[in-house]
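Just below is one structure, and these are the notes that go with it.
The values are calculated or read from the model by the stated rules, or taken from the named source; none is laboratory data. Note that this is a predicted model, so its numbers are computed, not measured. Every residue, glycine among them, receives a Cβ derived from its backbone with ideal geometry; neighbour counts consider all protein chains shown. Heads up: the accessible areas ignore ligands, DNA and RNA and are worked out on the full protein's heavy atoms, side chains in. Shrake-Rupley method; radii C 1.70, N 1.55, O 1.52, S 1.80 Å.
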Amino acid sequence: MSNSQAYSKSVLWDWLTTVDHKKIGIMYLVAGAFFFVLGGLEAMLIRIQLMFPESNFVSAQAFNELITMHGTTMIFLAAMPLLFGFMNFIVPLQIGARDVAFPFLNSLGFWLFLSGGILLNLSWFFGGAPDAGWTAYVPLSSAAYASTGLDYYVLGLQISGAGTLIGGINFLVTIITMRAPGMTMMKMPLFTWSTFVASALILFAFPALTVGLFLLMFERLFGANYFIVEAGGNVVIWQHLFWIFGHPEVYILVLPAFGIFSEVLSTFSKKRLFGYSAMVFATLIIGFLGFMVWAHHMFTVGMGPVANAIFAVATMAIAVPTGIKIFNWLLTLWGGRISFTTANMFALGFIPSFVLGGVTGVMLATSAANYQFHDTYFVVAHFHYVIIGGVVFGLFSGTFYWWPKIFGTMLNETLGKWFFWLFFIGFHLTFFVQHFLGLMGMPRRVASYLDGQGLNDLNFISTIGAFFMAVAFIILLANIFVSRNNKAVSDPWDGRTLEWATSTPVKEYNFAQTPVVREIDALWYEKMKGNKKLPVAEPLGEIHMPNGSILPLIMSIGLFIASFGFIYHTYVVSIIGLGITLGCMIIRSVKEDHGYHIPVDQIEPDKEVV
Amino acid sequence: MKQLGRLLPLTAIILLLAGCGEVNLTALDPQGPIAEMQLSLIKLSLYIMIIVIVIVFAIFAFVLWRFRDKPGDKHIPKQVEGNHTLEIIWTTVPIILLLIIAIPNVMDTFTLANVDAEENSITVKVTGHQFWWEFEYPDHDVVAGQDMYIPTNTKVIVHLEASDVMHSFWVPALAGKQDNVPGITNEMWIKAVNPGVYKGKCTELCGEGHWLMDFKVVAVEPDVFEAWAQNMAQPAKDPVTAQAEAGRDVFQASCIGCHAVGGVGGNPAVGGPDLTNFGERTVIAGFLEFNEENLEKWLRYPETTKPGNKMPGFNHLNDEDMKALIEYMKGLKVLD
């Protein structure tokens, strides 16, 4: 209500209660980075174990827990939250909005993700981590074969997934309703477009995961029998539900990364994106096809040749829009003036890396040959090429590109290049040889391999590559540390889109006056016209902002407590936990909260100068 | 033509690597018609993909070199909107390339799914257990553990089942895998041209012992196979030495509850591989080299040797009984 209320609290309280999309974005980035480090450590343990044949560095049981948690952590708790961090911070700025559509839900989404992630990782300390692979196929994940760890998986991912779903809906509504005047859908920056499509995928894909997890939870906790063959259940249902979520998930991750590359490549070649509308339609088509091909993960499960043939051809079709994108990027660079900043080097490094991952994707789509590839290191190589070469390169590119805007400092470019080259070389060293390991008879998810099978040398090389990547990441952390006082200007890259028109650090209201958008790359357009500032849609006036709230955090803690009740079959605790969450929902519903206004004298006018 | 020249080094790498890996394990050195069909499909898709890679990399390298930012150059590049002709080209060309792969792939997919019986074809029911394999020959009334004997040049129709969790049956040198799914019977077929021992592996994560869930496909001439199947169906022959005789008593006291020999013993509820032809195996428990030392290690400490497996340790046996048991087990043979 009053302004004093918003400014008088402590810093910690401010972060715990914030509904500011920029702070939530930063929290997503910090939490995502934490889980990225955890997943990375798990990866290093896996590779150390596989460095030599018949190694006893970790036990077979611990190894299965490591691979399960590595996959789950990297997908759900690192890659997605890090992308969500960028989306949260950047998308409202790119569309010229003051906030997201549902600031309270935005905060709730973050805290749900974090509490789900923490819950999942606590399994390491209480009774063993989940060990059935990140896909948790039944019956291996059923109560008869998997211990408490799987309960952490089922509940942790449900809570975290609810947060993701809320986040996705929020982005959809924000992008549809809150664009600045003049920004038609076909004038949106590609990162916003890809966020939009990825959010739509979240909207349709995550319910499938939730349903699957619900069925598994009821089976494990209450003896339901959806997947128990003896009781008439069917184990393949789980795989369908999982992959109806799981395949689009790949695109939920990689499309926003494509968006980042589109921004970065065009900024650092000083050209507008080649074939903008083709890029948009390719994104939409990839999103659509992403849903139609889930069963290509199940070619060997016995669906029969008709289904296999259909899903094989449908999967291959995805190569067409993806190819369109690759060539459009190449033609964006063509005729440009390409500067090799670290952000751009990751974007450039992405192109050959992702093409390699893409072509093996087409190879995997050949169902008849897939019987050889499936569940071998060929697959491990393929999806790491796609997810590291696509998503992680995108995250690193976005990190160097948007760091000045988000944190107000410039990362060191020399260290950045060391980081890029070590990571790039290490990545290819680790995963290129794994294609051959797979064809030479190495199944995936094996805790070790026998000596004398010809698998030793390539495994050794692969592990060396992993160490390169680990060292590279340490250099990134060092870079963040040494660059902490290197102040950034508001538009360091001569940017093209609206986020570069805001001050650095960005004011809580983003834009003092809502800008008017006249062309694609609105800021670049005004710069080229010789205008010093963007045209504005409104006179300077009071700005209405939402109040912060502690309720999202408490609601998440409630579900966190309830989960422990379910895991240890102490339903009193579950009821208390659910009661806390429900109580918060009631408070939220009945308590009036109109937000507050920032008066004109506090808004520094005309800040968005180019 | 220039691009084809560039293919050569890559093809050379592939061929070089085809030499890597153990013979009879790698999919790059096929020993039967199915693996051959699959390798040729892999090669077809690989060559087309290499063409794609070469084109993209060439444009990429050219662009980076030609349009790099040069010192002192501050010009603003022309802002190009797009080009419809180019876009149509790079939409249609990939579609054509994909069709070249898709058509043989669909044909092969149906060929591989054709499990109709032909003259002399045999059927084997393969059941995956945590963490071992069972091979049942319904036409011959034979059950074997760990080693799957098949006649050469014969279509072997494989029925895949699972008794506990999912497993996946993979013999890279002979054929790609299919899954063993509880409650469902999957079908595939394999054929081995030459006699030999082909390594097989479980490729679906099935628990602690997953990485050691290996097996062998032993391809023998059809007449040898017939002899093998007939002898497998017979009661076990009596041991020839006194020590082996004593070993049989140990076996009857300790092992028969789970492991059958010559159609006697075993318990479907408990499980345990059939040991009728144990003495002819090349490995113990799917992975240990077959010798007395390893056999004793296995009998005494199975739980640490192959984590998660259900066999209890027999470390309580005294040395004399253990030696006798080993002697008896080594003599369990059907082929000589």
Exercise for the section: May I ask you to say which residue of A:111, A:134, A:124 is open to solvent by 10 Å² or more (accessible area, probe 1.4 Å) and part of a helix (DSSP H, G or I)? Expected result: A:111
Handout entry: Qualifying residue in segment A:260-269 (condition: within 9 Å of chain B (Cβ to nearest Cβ) and polar (S, T, N, Q))
Key = yes
Handout entry: Enumeration of residues in segment A:33-91 that are within 14 Å of another protein chain (Cβ to nearest Cβ) and among the charged types (D, E, K, R)
Key = A:54, A:65
Exercise for the section: Tell me, please, whether a residue that is out of contact with any Lys or Arg (no Cβ under 9 Å at 6 or more places or on another chain), in a helix (DSSP H, G or I) and over 30 Å from residue A:182 (Cβ atoms) can be found in segment A:88-105. Expected result: no
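Between B:252, B:230, which is within 21 Å of residue B:296 (Cβ to Cβ), of a type outside the set (A, V, I, L, M, F, W, C), outside the structural domain of residue B:173 (by TED's automatic domain parsing) and surrounded by fewer than 18 Cβ atoms within 10 Å (Cβ to Cβ)?
Numbers: B:230 fails: within 21 Å of residue B:296 (Cβ to Cβ).
Going through B:252, B:230 in turn, just one is within 21 Å of residue B:296 (Cβ to Cβ), of a type outside the set (A, V, I, L, M, F, W, C), outside the structural domain of residue B:173 (by TED's automatic domain parsing) and surrounded by fewer than 18 Cβ atoms within 10 Å (Cβ to Cβ): B:252.
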Problem - The lone exception for residue B:305 - which of (1) over 27 Å from residue A:446 (Cβ atoms); (2) crowded, with 19+ Cβ neighbours inside 10 Å it fails - result: (1)
Problem - From B:201, B:237, B:216, residue being of a type in the set (Lys, Arg) and under 20 Å from residue A:60 (Cα atoms) - result: B:201
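Of the residues B:177, B:216, B:191, which single one is facing chain A (nearest Cβ under 7 Å) and in contact (Cβ under 8 Å) with a residue 12 or more places away in the chain? Give the derivation first.
On the way: B:216 fails: facing chain A (nearest Cβ under 7 Å); B:191 fails: facing chain A (nearest Cβ under 7 Å).
Of B:177, B:216, B:191, the one residue that is facing chain A (nearest Cβ under 7 Å) and in contact (Cβ under 8 Å) with a residue 12 or more places away in the chain is B:177.
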Practice task
Determine which single condition residue A:34 fails, assuming it passes every other condition in (1) open to solvent by 10 Å² or more (accessible area, probe 1.4 Å); (2) outside any loop (DSSP other than H, G, I, E, B); (3) in contact with a Ser or Thr (Cβ under 6 Å, 6 or more places away or on another chain).
Solution key: (3)
Practice task
Please specify each residue of segment B:133-148 satisfying the condition of being open to solvent by 40 Å² or more (accessible area, probe 1.4 Å) and either under 17 Å from residue B:163 (Cα atoms) or part of a strand (DSSP E or B) (or both).
Solution key: B:134, B:136, B:143
Practice task
Inspect segment A:274-283 for any residue being outside any helix (DSSP H, G or I) and surrounded by 24 or more Cβ atoms within 10 Å (Cβ to Cβ) and give the result as yes or no.
Solution key: yes
Practice task
Considering every residue within segment B:228-246, establish whether at least one is of a type outside the set (A, V, I, L, M), touching a Gly at 6+ places or on another chain (Cβ under 6 Å) and under 28 Å from residue B:117 (Cβ atoms).
Solution key: no
Exercise for the section: Collect the residues in segment A:221-250 that are open to solvent by 30 Å² or more (accessible area, probe 1.4 Å), in a helix (DSSP H, G or I) and of a type outside the set (A, V, I, L, M, F, W, C), keeping them in residue-number order. Expected result: A:230, A:240
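Given the criteria part of a helix (DSSP H, G or I), at the interface with chain A (Cβ under 9 Å from one of its Cβ atoms) and surrounded by 17 or more Cβ atoms within 10 Å (Cβ to Cβ), does residue B:41 qualify?
Values: part of a helix (DSSP H, G or I): yes; at the interface with chain A (Cβ under 9 Å from one of its Cβ atoms): yes; surrounded by 17 or more Cβ atoms within 10 Å (Cβ to Cβ): yes.
In short, yes.
Being part of a helix (DSSP H, G or I), within 14 Å of chain B (Cβ to nearest Cβ) and in contact (Cβ under 8 Å) with a residue 12 or more places away in the chain: is that true of residue A:378 here? I'd like the intermediate steps shown before the answer.
Values: part of a helix (DSSP H, G or I): yes; within 14 Å of chain B (Cβ to nearest Cβ): yes; in contact (Cβ under 8 Å) with a residue 12 or more places away in the chain: yes.
Taking the combined requirement at face value, the residue satisfies it.
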Completion exercise
Of the conditions (1) surrounded by fewer than 22 Cβ atoms within 10 Å (Cβ to Cβ); (2) part of a helix (DSSP H, G or I); (3) within 10 Å of chain B (Cβ to nearest Cβ), the single one that residue A:359 does not satisfy is (1)
Practice task
Restricting attention to segment B:208-225, report how many residues are out of contact with any His (no Cβ under 8 Å at 6 or more places or on another chain), open to solvent by less than 10 Å² (accessible area, probe 1.4 Å) and in a loop (DSSP other than H, G, I, E, B).
Solution key: 1
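Taking segment A:381-423 as the region of interest, how many residues are more than 30 Å from residue A:294 (Cβ to Cβ), more than 14 Å from chain B (Cβ to nearest Cβ) and part of a helix (DSSP H, G or I)? Steps first, please.
The initial filter retains those residues of segment A:381-423 that are more than 30 Å from residue A:294 (Cβ to Cβ), namely A:399-423.
Filter once more, so that each one left must be more than 14 Å from chain B (Cβ to nearest Cβ): A:399-412, A:414-423.
Those still in the list that are part of a helix (DSSP H, G or I) too: A:399-407, A:414-423.
Residues in segment A:381-423 being more than 30 Å from residue A:294 (Cβ to Cβ), more than 14 Å from chain B (Cβ to nearest Cβ) and part of a helix (DSSP H, G or I): 19 in total.
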